[in-house]
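Here is the structure we will look at.
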Amino acid sequence: MAERLRLGVNIDHVATVRNARGGAAPDPVRAAQLAVAAGADGITAHLREDRRHIRDADMERLARELTRPLNFEMGATEEMIALAERLKPHAACLVPEKREERTTEGGLDVVGQRDQLVPKIARLKAAGCRVSLFIEPDEAPIAMAAELGAPVVELHTGSWCEALTHGETDAAEAQFARLARGAAHAAALGLEVHAGHGLDFDSARRLAGVPEFVEFNIGHFLIGEAIFTGLDAAIGRMRAAMDEGRGL
Ligand code: PXP
């Protein structure tokens with residue numbers, strides 16, 4: 001029987017709405033607790049260098065108050081590594097923060113950044129974090145992630161989702177095949193395979209059919225959908241879509 005996919009809910013954009021007015025509402029930690037109650041298997045939050053959505057105090061509260069695993073998305077900067085060492089989230093997902101840290105498509109340039117990443121990954125692992133690298137679904141970065149000793153890769157679904165959004169059917173099929181190939185390659189190297197960026201009900205349902213994926217991290221679409229149906233219903237529908245795609 002196929003394994004159920006885990007759903008990580010990214011609550012960054014609750015903080016985007018809060019910050020639009022500079023007050024305390026809506027509270028992203030309350031959204032995280034609601035997401036957990038609605039069946040999220042984990043919560044993801046990205047503390048960006050410019051603090052455009054999640055702030056340090058949010059991260060502190062998430063680390064302290066959540067009853068499900070926290071996935072701390074972060075640039076591989078000294079400031080963020082030190083914070084992860086202190087907060088000890090369940091997982092630390094390294095993402096590109098600056099232009100020069102990313103590949104043309106948008107994943108972390110693990111090949112170009114190899115030497116800088118080695119000591120940072122070692123520090124995160126020493127802090128007890130499960131390290132995940134957010135990379136493009138291509139052979140070279142996947143092989144490098146395995147060489148770097150990261151237990152998890154999160155494959156960037158942005159190019160696929162963008163092609164779908166623009167109705168570029170052939171390009172979307174090519175990107176889907178690239179993701180499926182990447183997932184198989186990563187799993188064959190012993191990596192746990194996650195996916196994220198730009199997923200919605202339909203894309204998550206389809207991608208769930210690729211058996212190597214273990215977890216999806218989904219934010220913007222769910223928070224947007226929550227405006228219309230509430231977070232609880234949006235998460236319930238996403239869970240159902242992922243289960244259906246997996247044949248459960
Ligand atoms: N995974 C990673 C590594 C991300 O950086 C993001 C946010 O860009 C997501 C997942 C969630 O993407 P989205 O908000 O488009 O669902």
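Each reported figure results from applying straightforward, stated rules to the coordinates on display, with no laboratory input. From a predicted model like this one, the values you see are computed outputs, not experimental measurements. Quick reminder, even Gly has a Cβ in these numbers, built from the backbone with ideal geometry, and neighbours come from all protein chains shown.
For the chain, what does the helix formula give at 222 nm: sum of -39500 (n - 2.57) over DSSP H segments with n ≥ 4, over the residue count, nearest 500 deg cm²/dmol? Present the calculation step by step, with values, prior to reporting the outcome.
Working: 11 runs with 122 residues, N = 248.
About -15000 deg cm²/dmol.
Computed about the Cα centre, the dipole magnitude for the range 207-248 is approximately 60 debye when only Lys and Arg (+1) and Asp and Glu (-1) carry charge, each at its Cβ. Each Lys and Arg Cβ is given +1 and each Asp and Glu Cβ -1; about its Cα centre, the range 56-107 then shows a dipole of about 220 debye.
Let me know the charge dipole size of the chain about its Cα centre in debye, to the nearest 20, where only the beta-carbon of Lys, Arg (+1) and Asp, Glu (-1) is charged.
820
Restricted to Cα atoms, the range 86-126 shows a radius of gyration and a Dmax of 11.3, 33 angstrom. Think of the chain as having a plus end and a minus end, set by charges on the Cβ of Lys, Arg, Asp and Glu; of 188, 106, 93, 93 sits farthest toward the positive end of this dipole.
Considering only 19, 217, 71, the Gaussian network model of the chain with Cα springs below 10 Å gives its largest mean-square fluctuation to 19. Entry note, the chain: relative contact order of 21 percent, from Cα contacts under 8 Å with a spacing of 6+ residues. Choose one answer from 17, 153, 29: the residue with the largest mean-square fluctuation in a GNM of the chain with alpha-carbon springs under 10 Å. The residue with the greatest mean-square fluctuation here is 17. Size descriptor for the range 134-175, Kirkwood hydrodynamic radius: 11.3 Å (Cα pairs only, one decimal). When both bridge partners sit in the chain, DSSP labels roughly 5% of those beta bridges antiparallel.
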